[in-house]
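Starting off with a structure, shown below.
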């Protein structure tokens, strides 16, 4: 298992980590298999979406904030319940197919680390298996 | 890795692809293992839900449209931001357990390809591993 | 494949099943690998979130009920459409990395079975593979 360190810069921040994961896949030497990603945090998540027009990620961020606002009638004392809810909705576990030593992704897809309570230093666990 | 071609007919369309995936599982000859599904598009997704009463899928579609409407204050120029947001919420990656050459599913479960910006011709990537 | 029986006690109930899964991992004797979880129901799901302050899970439950209310303009005759929608949003499939015979989880993470139409007796399918 490998660990990727990710620095986030805003309270809600979507960081394109596709290249970092591709690098780990290449380093593994595995040509065909599965890449398992796991976020060991309760106020962050993962998603795959468009990496061409940054307005897409911005629209995702705005709508999710609109549905699950930072300030609401939450009871959790730390004041970051919105981030926990967003984490459950996006999910912390994801897997990708590896073919010819590369992630199998659509033309417009990038893999994003979703920060919902930053800025922070975060970790992403990566396990790559041949198959 | 195998590719399933899927034709969608409405802007938002949930297509039951359970039988097509079962067929790929049988063709693989693998009796016990995992079936990995991956949607290489940024305005589509996957879900598992009831395949008995079509009103269930209809209610899912209506509620999701109500929470994330087609027209809203989005900034992405292509006008399909709602489809990108829905894709991130449903997810593009899913895996199923295979036992005795069949997908392990509950009595009422079907696997659905979720189109959020159709009609289009779409692909689904399928990788089946023994284990 | 193993089956975990889960008893839920409220209509919407988040049950921490981390210890039960850890037990299955230990029983498998597998030190390094992947643990695949699958819910064979259409009105339940899985999530990973904080297991320290119960207010977090309570806030998740309240917000999700607020966005997807029990009673609304649904068409499905059984009257539990909200539970189906919640199931699709949380998801029924999840996988965890196993390292040194233990689930790899963050300090504050627990694995929750999400009941959306209880109380009921539920099943969770668990498949553990070495790798």
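Using the C-alpha gyration tensor of the stretch C:1-45, what are the square roots of 5 times its eigenvalues, in whole angstrom, with the largest one first?
After diagonalising the Cα gyration tensor, the semi-axes are 23, 12, 8 Å.
Tilt of helix B:81-90 relative to the longest C-alpha principal axis of chain B, in degrees (0 to 90, nearest 10)?
30 degrees
Summarise the partner chain shielding of C:123-129 as one whole number: the mean count of Cβ atoms from other chains within 10 Å of each residue's Cβ.
Taking the mean over all residues of the peptide, I get 4.
Based on the mean of other beta carbon atoms within 10 Å per residue, what is the order of A:83-89, A:43-49, most packed first? Don't skip to the end; give the middle numbers.
Numbers: A:83-89: 26.3, A:43-49: 24.1.
Result, highest mean first: A:83-89, A:43-49.
For a quick check, take a GNM of chain A with Cα springs below 10 Å and name the residue from A:20, A:78, A:32 with the largest mean-square fluctuation.
Fluctuation is largest for A:78.
Can you give the average number of partner chain beta-carbon atoms within 10 Å of each beta-carbon in peptide B:64-72, as a whole number? List each step's numbers first, then the result.
Values: counts 4, 0, 4, 7, 5, 1, 0, 0, 4.
Mean number of neighbouring Cβ atoms from other chains: 3.
Averaged over B:17-25, how many beta carbons belonging to a partner chain fall within 10 Å of each residue's beta carbon?
Working: counts 0, 0, 0, 0, 0, 0, 0, 0, 0.
Taking all residues of B:17-25 together, the mean is 0.
Roughly what % of Cα-Cα distances in the stretch A:2-130 sit above 21 Å, to the whole percent? Mind dumping the intermediate values first?
Values: 3367 of 8256 pairs.
Cα-Cα pairs in the stretch A:2-130 separated by more than 21 Å: 41 percent.
As I understand it, the value is the acute angle between the Cα axis of helix C:54-67 and the longest principal axis of the Cα atoms of chain C; what does it come to in degrees, rounded to 10?
Around 40 degrees separate the two axes.
Further, regarding this structure: Tell me the angle of helix C:18-28 to the major Cα principal axis of chain C, expressed in degrees between 0 and 90 and rounded to the nearest ten.
Compared with the principal axis, the helix lies near 40 degrees.
Another question, then. I need the calculated FRET efficiency for the pair residue C:27 and residue A:16, taking r as the beta carbon distance and R₀ as 35 Å, to the nearest 0.05.
Numbers: r = 40 Å, r/R0 = 1.14.
So the FRET efficiency works out to roughly 0.30.
Among C:115, A:27, A:22, what is the fewest-to-most ranking by other Cβ atoms within 10 Å?
A:27, A:22, C:115
For chain C, what does the helix formula give at 222 nm: sum of -39500 (n - 2.57) over DSSP H segments with n ≥ 4, over the residue count, nearest 500 deg cm²/dmol? Walk me through the intermediate numbers first.
Details: 3 runs with 35 residues, N = 131.
After summing the helix terms and dividing by the residues of chain C, the value is -8000 deg cm²/dmol.
Please report Rg (one decimal) and Dmax (integer) in Å for the Cα set of the stretch B:1-78.
Looking at the stretch B:1-78, its Cα Rg and Dmax stand at 15.9, 50 Å.
Taking Cα pairs under 8 Å and at least six residues apart, what relative contact order does the stretch C:2-130 come out at, in percent?
On the way: 249 pairs, mean separation 71.2, N = 129.
Reported as a whole number, the value is 55 percent.
Still on this model: Would you mind calculating the gained length between residue A:2 and residue A:121 on full extension (0.36 nm times residue separation, minus the Cα-Cα distance), in nm to one decimal?
Details: separation 119, 0.36 × 119 = 42.84 nm, distance 1.63 nm.
Going from the current span to full extension adds 41.2 nm.
Any idea what the alpha-carbon Rg over 2.2 N^0.38 Å comes to for the stretch A:77-131?
Working: Rg = 14.7 Å, N = 55, 2.2 N^0.38 = 10.1 Å.
Dividing the Cα Rg of the stretch A:77-131 by 2.2 N^0.38 Å gives 1.46.
Then there's this: Using alpha carbons only, what's the Rg to Rh ratio of the protein assembly as shown with Rh from Kirkwood? Provide the component values of the computation, followed by the final result.
Numbers: Rg = 19.3 Å, Rh = 20.9 Å.
When Rh is taken as the Kirkwood radius, the ratio is 0.92.
Post the alpha-carbon centroid distance, the stretch C:74-128 to the stretch A:14-57, in whole angstrom.
Using only Cα atoms to place each centre, the spacing works out to 23 Å.
Any read-out appearing in this document is the output of simple, stated calculations on the displayed coordinates, not a laboratory observation. Computed from a predicted model, the values in this text were never measured in an experiment. When we count neighbours, we look across all protein chains shown, and the Cβ atoms used for this are built from the backbone with ideal geometry, even at glycine.
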